[in-house]
Every structure is written in structure tokens, then in C-alpha cells.
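Note sheet for the following structure.
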Amino acid sequence: MKRTFLSEKGYEELQENLKVLLAKKKATIKRVKEAADHGDISDNFEYDSAKEALALVMNRIKMTQLKLSTADIVKEENVDSDRVVLGVTVYLEETDSGENVKFSLVVEDEVELDNNNISVNSHYSS
């Protein structure tokens, strides 16, 4: 099975996301039951909508659980800071202004362009 590389922060965020999804699953199951209680489900838009929402939540739960179960956590203290690799933060000097700009190399799931977290697979990280 393919391993998923995550930072400690990314792993914790996935765990929190899973908790939210599990709560959402519970609420969506309740929605399905309430819609089914309205009678004939063969022509019930609320029921169909709730079932579709439940399927989406269940799929997201499954994908999140898979990522968590295959996670290899990349700890900053274990990363060779002499190389530009996953988990490293680098500072680049902007040629025009001379200002240093900080970039962190992360896995695709942790990309946050506003925080200069770029994918290790991005052509910018090469």
C-alpha cells in the first residue's frame, strides 16, 4: 500500500478533520431517517438528497482514515536541513528587493499558498 507522507501538524489536522466528519456522519444519518419518516421514499427529494450527502461524507471518512492509516510522519528534527526536501523550510532572497522570503516544502494535502507552504512536487521546489 502506498504510504502517505505528512507533517506532524498535517497528521493532527487530519485527525481533527476525521472527528468533524464523524460528527457530520451522525447528523446526516439523522437527516436520512427524518426524511424517510416522511413516507414514500421512492419520490422523496429530501431522502435522496440526504442519502447522497451521506455517501459523500462516508467517502471522505474512508479517504481520511486511509491517509491516517498509511501515514509516515515527517518530523522536522529528523530532516536533513542541508538538503531541500520534504519538511524543510528554506529562505530565498528576492532579487529586486533583497527581502528574504520563507517557503516550507510540504505534501500536496498541506499546501497553503497564503502561508508559503508549497508542494514538494511543485516545479517551484525543484
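Summary of computed values
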read-out	value
The range 76-125: C-alpha gyration tensor shape, a/c 1.5 cut-off, then a/b vs b/c	oblate
Gained length - ALA36 relative to GLU16, 0.36 nm times residue gap less alpha-carbon distance	4.2 nm
Long-range HN-HN contacts of ASN117 with modeled amide H, under 5 Å	SER104, GLU112
Antiparallel %, DSSP beta bridges [both residues in the chain], to 5	45 percent
Estimated dipole of the range 1-67 in Debye, rounded to 20 [Cβ of Lys and Arg +1, of Asp and Glu -1, Cα centre]	500 debye
Long-range HN-HN contacts of PHE5 with modeled amide H, under 5 Å	ASP72
Cα centroid separation, the range 80-109 to the range 15-44 (Å)	44 Å
C-alpha long axis of helix 8-36 to longest principal axis of the chain, angle in °	10 degrees
Cα-based equivalent ellipsoid, the range 4-74: semi-axes from gyration tensor eigenvalues, Å	33, 10, 6
Principal axis box of the chain, alpha-carbon based, largest edge first, Å	68, 34, 20
Sorted by Cβ density within 10 Å, fewest first, the residues THR89, THR95, THR4	THR95, THR89, THR4
Residue (of ILE41, LEU68, LEU54) at the positive-pole extreme of the range 4-74, dipole from beta-carbon charges	LEU68
Excluding exposed DSSP-loop GluC sites (Glu not before Pro) (at most 11 other C-beta within 10 Å), longest clean stretch of the chain	1-93
Distance (nanometres) between label positions extended 7 Å along Cα→Cβ at THR70 and LYS2	0.6 nm
Acute angle (nearest 10 degrees) that the helix 45-69 long axis makes with the longest principal axis of the chain, alpha-carbon atoms	40 degrees
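Here, each number is a calculation from the coordinates, and none is a lab measurement. Since this is a predicted model, take the numbers as computed values, not measurements. Don't worry about glycine lacking a Cβ; one is built from the backbone with ideal geometry, like all the others, and counts go over all protein chains shown.
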